[in-house]
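The structure appears below as C-alpha cells.
Rule-based calculations on the coordinates, nothing more; no lab input. Please read all numbers here as calculations on a predicted model, not as lab measurements. Neighbour counts run over all protein chains shown; Cβ positions are idealised from the backbone, glycine included.
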C-alpha cells in the first residue's frame, strides 16, 4: 500500500530530530510522535513497536526506506485528469457521509455514553474507478490514505 507525502515528510522531520541528538535514545517526545505516526501506516505493527521500543535509529531509518518505496510518485505517468478525479470524488464523499450517518443512526447507540462523534476513520473507495484515481486525489491533497485500502476526505 501507499504512504501519503505528508506522512513521509513528518517522518523525515522526526527522524532528523532524533538523529540530531547527542544520544538519540533520549529523544522521548520524538520517539512517541514517530510511533503514533507509524501506527497509521501499513507497516507491520509488531515491527514498528520493536524498532521504537528498542529505540533503534538504524531500524527506524530502514522503516523510512520502506515508506519511501511504497510512497506514490510525485506525478503518476498515467494520472487521470482533473475531470475524472472530480467525478470520482463526489461519490466518494457521498459514500463517506452515508457511512457516518448509518453508524450514527443505530438504535443501540447511547449518545450519553458513546459520544456524538462517529468513529469512522475511512472507507474503501468505490470500485468504478481505478486505484490511480485515488492515488492522484491523495497527491492533490483531497483524500488521505488511512491504510489497508481505506481513504478519508481531508478537511477543506
Tell me the mean residue ellipticity at 222 nm calculated for the chain from its helices only (DSSP H runs of n ≥ 4, each -39500 (n - 2.57), averaged over every residue, nearest 500).
-17500 deg cm²/dmol
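For the pair residue 105 and residue 84, what calculated FRET efficiency results from E = 1/(1 + (r/R0)^6), where r is the Cβ-Cβ distance and R0 = 25 Å, to the nearest 0.05? Working shown, then result.
Values: r = 32 Å, r/R0 = 1.30.
Computed FRET efficiency for residue 84 and residue 105: 0.15.
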Full-extension gain in nm, residue 131 to residue 68, via 0.36 nm per residue minus C-alpha separation:
20.8 nm
What translational D, rounded to a whole number of µm²/s, comes out for the stretch 82-153 from Stokes-Einstein when the hydrodynamic radius is the Kirkwood one over Cα pairs, at 10 °C and 1.306 mPa s?
120
Cα-based Rg and Dmax for the stretch 1-67, in Å, come out at 10.8, 35
In nm, spacing of pseudo-spin labels at residue 97 and residue 124 (7 Å Cα→C-beta vector):
2.4
Apply 1/(1 + (r/R0)^6) to the Cβ-Cβ distance of residue 19 and residue 152, taking R0 = 22 Å, and write down the FRET efficiency to the nearest 0.05.
0.10
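Sort the following peptides by mean Cβ neighbour count (other Cβ atoms within 10 Å, averaged over residues), highest first: 94-106, 56-68. Display every interim value, and only then the final one.
Numbers: 94-106: 12.5, 56-68: 15.2.
Averaged packing, sorted descending, gives the order 56-68, 94-106.
Per residue, how big is the convex hull of the chain when only Cα atoms are used? Give it in Å³. Each step should come with its number before you reach the end.
Details: hull volume 22.4 nm³, N = 156.
Spread over its residues, the Cα hull of the chain gives 144 Å³ apiece.
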